[in-house]
Amino acid sequence: MGVNDVIVYDTTLRDGEQTPGVSLNAAEKLEIAKQLKNLNVDVIEAGFPIASRGDFEAVKLIAAEVRGVGVSALARASKADIDRAYEALKGAEHPRIHVFIATSDIHLKHKLKMSREEALNRAVDMVAYARSKIGEVQFSAEDATRSDWDYLAKVYESVIEAGATIINIPDTVGYTTPGEFAQLINYLKTHVRNIDKAIMSVHCHNDLGMAVANSLTAAYHGVKQIEVTVNGLGERAGNASLEEVVMALNTRKDYYKRDVRVNTQQIYRTSKLVSTLTGISVQPNKAIVGANAFAHEAGIHQHGVLSERSTYEIMTPESIGLSHNNIVLGKHSGRHAFEAKLKELGYDLDADAINRAFERFKDLADKKKTILDQDIEAIVENKAISVPEIYQLEFVQISSGTNVTPTATVGIRREGNVMQAADCGDGPVDAVFKAIEKAVGQQVELQDYFLKSVTGGKDALGEVTVKIGKNGKTFLGHGLSIDVIEASARAFISAINRMMVELSYSNDSEEGVK
Ligand code: KIV
Ligand code: ZN
């Protein structure tokens, strides 16, 4: 790794998963981790193993299966947390334990009920303990930016002495500003005497919308590791967004003079996958990956871009993996053409996954004349959602219209039996959901429903995401079809399937940490 290289530490699967309403199962986390590897991030923070059995299993799976990248696991400054993280990381090629404890007086007094001295001693003991197990130990002083600078410097100096190889400076509540953060970084560089023995890192939250600016400031001031999440997911307002930090470092290399090894052409794909699997859509005007990020509306801009792209475009859509070649396949396209298209779009699927995607492509091609790249992405990504199909949609029929009570009849298959049920509702979708609830004998709370069209045009695929609640938990489901009622039914059934699996599995040790 070169002196100017930035280490990109991705915490989508840990801090990103703390986004309200997000819950990924182990298979989905693995899918994202594999894509993060394609994106070529340097380290993946795979989870917080002591938080739940599900988190532990996910870290273990990623550690065993994703090679050629660092895999990190979070632990509070306690032996039990560190043991659990170590256990989960055993199969990893490049494991790292990330130990944290708060250092601000607010956190010490109200959360930890510890003195500064006690927290310092705990940090030192636990870093030494983690180092006795593993070669790479990262230490975070939670709420660093609201901590006393002198005390903070002492904590970092002591943990480096105890064996920390990376020291992370979290702006936990998104409070700092670029100018102030630069001062703190430079203060630590001059007041932590052994700073040259560890890698400096930052972790910025976005409460005041400054996470990316603060992270870039850190990069400018020589901080080696930047922690980010895809689409800026994370606690509350989220973390510094990977795509924004990376593209800013690349586009303004003249200013930052730093190198990133991320394969930027995988950015768009990664953003889409994360948004599909988490159910958190990307706002249209989001920098880099929003639907409008490369759209030029005003005539004067369009004219400028047509005569010379650089008039209004500081980076190309291709640089983040947005393809230009839009109209692709149709009804008569064969398997070869389909496979070639998957490759061109950057997918690396095994034979089984290609077969399943091809079947869905053929079904779609019967109904839709031109299949666009976005349709193929939707077909592949919809299948990336890993929910066992306990219940399957056999058929759905509705009757609806002005002055007619919407009614729906559904047939739901479970292990060879088809259960039928009918119901009416406030609209056709409501009627379908009620009929499904009747057929499967479950009552759930519908928390959210959104429908978006994958492409333009009358025959566009509709993608429905639903969130349902039961026993205080939320479950996500997706459905894809040209018929939005069918897409809605599929999404609702997939959420119920997820609920069935996760509720039967949830006598888990959910310790509710953090
Ligand atoms: O925001 C934060 O302080 C964290 C730490 C665990 C690094 O996420
Ligand atoms: Zn955080």
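Since every read-out is calculated from the coordinates, none of them should be taken as a lab result. Quick caveat: nothing in here was measured; it's all calculated off a predicted structure. Glycine gets a Cβ as well: all are built from the backbone with ideal geometry, and neighbour counts include every protein chain shown.
In debye to the nearest 20, how big a dipole does the chain give about its Cα centre with +1 on each Lys and Arg Cβ and -1 on each Asp and Glu Cβ?
On the way: 58 positive and 69 negative charges, 74 e Å.
It comes to approximately 360 debye.
Going by a ≥ b ≥ c, the root eigenvalues of the Cα gyration tensor, does the range 226-347 fall in the rounded group (a/c under 1.5), the prolate group (a/b larger than b/c) or the oblate group? Oblate shape, in that a/c is at least 1.5 and b/c is the bigger or equal ratio. Between the helical axis of 149-162 and the longest alpha-carbon principal axis of the chain there is an angle of about 90 degrees. List the pairs from 90/133; 341/362; 224/253; 362/452; 272/473; 111/133 whose alpha-carbon separation is above 18 Å, in the order I gave them. Distance filter (> 18 Å) returns 362/452; 272/473; 111/133. Projecting label points 7 angstrom from Cα along Cα→Cβ for residue 504 and residue 186 puts them 6.1 nm apart. Is the C-alpha gyration tensor of the range 104-187 telling us rounded, prolate or oblate? Criteria: a/c under 1.5 is rounded; beyond that, a/b larger than b/c is prolate, otherwise oblate. Verdict is oblate for the range 104-187. Near the amide H of residue 7, within less than 5 Å, lie the amide hydrogens of 225, 226, all on another chain or at least 5 residues away, with H placed in the peptide plane.
Which whole-number percent is the relative contact order of the chain (Cα, under 8 Å, 6+ apart)?
11
Please give the helix 484-504 orientation as an angle from the longest Cα principal axis of the chain, in degrees from 0 to 90, rounded to the nearest 10. The two axes meet at around 50 degrees.
Cβ under 10 Å from residue 7's Cβ, residue 7 left aside: what net charge do those residues give with Lys, Arg +1 and Asp, Glu -1?
Numbers: positive: 224, 261; negative: 5, 42, 227.
Every neighbour counted, the sum reads -1.
Here each label is just a point 7 Å from Cα along the line to Cβ, and for residue 132 and residue 403 those points are 8.2 nm apart.
The fewest-to-most ranking of 78, 271 by surrounding Cβ atoms within 10 Å reads 78, 271.
What full-extension length gain, to one decimal in nm, is calculated for residue 349 and residue 452 as 0.36 nm per residue of separation minus the Cα-Cα distance?
Separation in residues times 0.36 nm, less the Cα-Cα distance, equals 34.5 nm.
Applying the Karplus relation 6.51 cos²θ - 1.76 cosθ + 1.60 with θ = phi - 60° to the range 187-198 yields 3J(HN,Hα) values of 4, 5, 4, 9, 9, 9, 5, 9, 4, 5, 8, 9 Hz, where x marks Gly and Pro. When you restrict to C-alpha pairs under 8 Å that are six or more residues apart and normalise by the size of the range 5-254, the relative contact order lands at 18 percent.
For each of 74, 446, count neighbouring Cβ atoms within 10 Å of the residue's Cβ, then give the residues from fewest to most.
Numbers: 74 26, 446 15.
By the 10 Å Cβ count, ascending: 446, 74.
In this Cβ point-charge picture (+1 for Lys and Arg, -1 for Asp and Glu), the range 249-395 has a dipole of about 280 debye about its Cα centre. Of the residues 266, 314, 209, the one whose Cα sits farthest toward the positive end of the charge dipole of the chain, with +1 on the Cβ of Lys and Arg and -1 on the Cβ of Asp and Glu, is 266. Counted residue by residue at 0.36 nm each, then reduced by the alpha carbon distance between them, the extension gain from residue 319 to residue 4 reaches 111.3 nm. Only one residue of 353, 480, 219 has its Cα farthest out toward the positive end of the dipole of the chain, where Lys and Arg carry +1 and Asp and Glu -1 on Cβ, and that residue is 353. Comparing Cα centroids, the range 367-436 and the range 191-244 end up 43 angstrom apart. The ranking of 361, 48 by Cβ neighbour count inside 10 Å, starting from the fewest, reads 361, 48.
Compared with the alpha-carbon gap, the fully stretched path from residue 370 to residue 310 is longer by 18.5 nm at 0.36 nm per residue.
Placing +1 at every Lys and Arg Cβ and -1 at every Asp and Glu Cβ, with all other atoms neutral, what dipole size does the range 392-513 have around its Cα centre, in debye to the nearest 20?
Working: 11 positive and 16 negative charges, 38 e Å.
Rounded to the nearest 20 debye, it is 180 debye.
Between 0 and 90 degrees, rounded to the nearest ten: what's the tilt of helix 53-65 against the longest Cα principal axis of the chain? Helix 53-65 and the main axis of the chain meet at about 80 degrees.
May I ask for the net charge around residue 425, where only other residues with Cβ less than 13 Å from the Cβ of residue 425 are counted and Lys, Arg are +1 while Asp, Glu are -1? Could you put the intermediate results ahead of the total?
Working: positive: 434, 438; negative: 423, 426, 430, 437.
Counting the neighbours of residue 425, the net charge comes to -2.
Which of rounded, prolate or oblate describes the range 323-384 when judged by the alpha-carbon gyration tensor and an a/c cut-off of 1.5? Let's see the in-between values first.
On the way: a/c = 1.43, a/b = 1.15, b/c = 1.24.
Rounded.
A simple rule links phi to the HN-Hα coupling: the Karplus curve 6.51 cos²θ - 1.76 cosθ + 1.60 with θ = phi - 60°, which for the range 424-429 gives 10, x, 6, x, x, 5 Hz, with x for Gly and Pro.
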